[in-house]
Amino acid sequence: RDIEFIVQCLLLLTGGMHEEVRAAGTLPALDALRSCGTLSGREHETLSGAYILFRRVENILQWRELSPAFTLPGEEGELDAVARFLGYDARGGSPGLRLKADLDRGFDEVRAIYDEIFTHGGTDSFGTVGVTVAFGLAEHGDSMRYLETIGFPDPERSARTLARLFDGVPGGGTSERFAAALLA
């Protein structure tokens, strides 16, 4: 879900100025975001690879259970079976443990990109300042000017929508948790 959140937010932030990024589907959107320079080649490769692996695992788990399933099997033999279905073989150790290691590495790499994009680190890059400013309180003038500059026709409404995406607040208000995260 972190990958989908990253993609949706970046599409919202860049889609006003760059029509070519308005893509349906996560993988085409990742390609479009790389093409316009919003994502680096490394970020694109990491997010795309992780997304494909995570979706494949999710689909296999749901196929095995014949219902929504998002938890890896706890027993090593069952985990090995899922890994073998994904193409992992027994060379080099347990297929299940290698799958688990790949998933853990993917989660860590995605989280690092998420933190890099959505955390203000004191630089002037788009990834650190632009997203932080865009996620500012709807009443904050700099946020409104920034959103308007990058192509949002109704910056106040857009700021409320971004706040809801961040915190899931119904009705359009900016939540206390969202405001606290910005001011921290």
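Restricting the range 57-75 to residues that are loosely packed, with under 14 Cβ neighbours inside 10 Å and in contact (Cβ under 8 Å) with a residue 12 or more places away in the chain, the residue that is farthest from G16 (Cα to Cα) is F70.
Scanning the range 29-56 for residues that are free of Cβ contacts under 8 Å to residues at least 12 places away in the same chain and of a type in the set (D, E) turns up just one, E45. Screening the candidates L53, L10, L97 for the property of being open to solvent by less than 20 Å² (accessible area, probe 1.4 Å) and at pLDDT 85 or above yields one hit, L10. Condition test on D89, is it crowded, with 18+ Cβ neighbours inside 10 Å and over 30 Å from P153 (Cα atoms)? It is false that D89 is crowded, with 18+ Cβ neighbours inside 10 Å and over 30 Å from P153 (Cα atoms).
The values are calculated or read from the model by the stated rules, or taken from the named source; none is laboratory data. From a predicted model like this one, the values you see are computed outputs, not experimental measurements. A quick note on method: Cβ atoms are made from the backbone with ideal geometry, for glycine too, and the neighbour counts reach across all protein chains shown. Heavy atoms of the whole protein, side chains included, go into the accessibility calculation; ligands, DNA and RNA do not. Shrake-Rupley method; radii C 1.70, N 1.55, O 1.52, S 1.80 Å.
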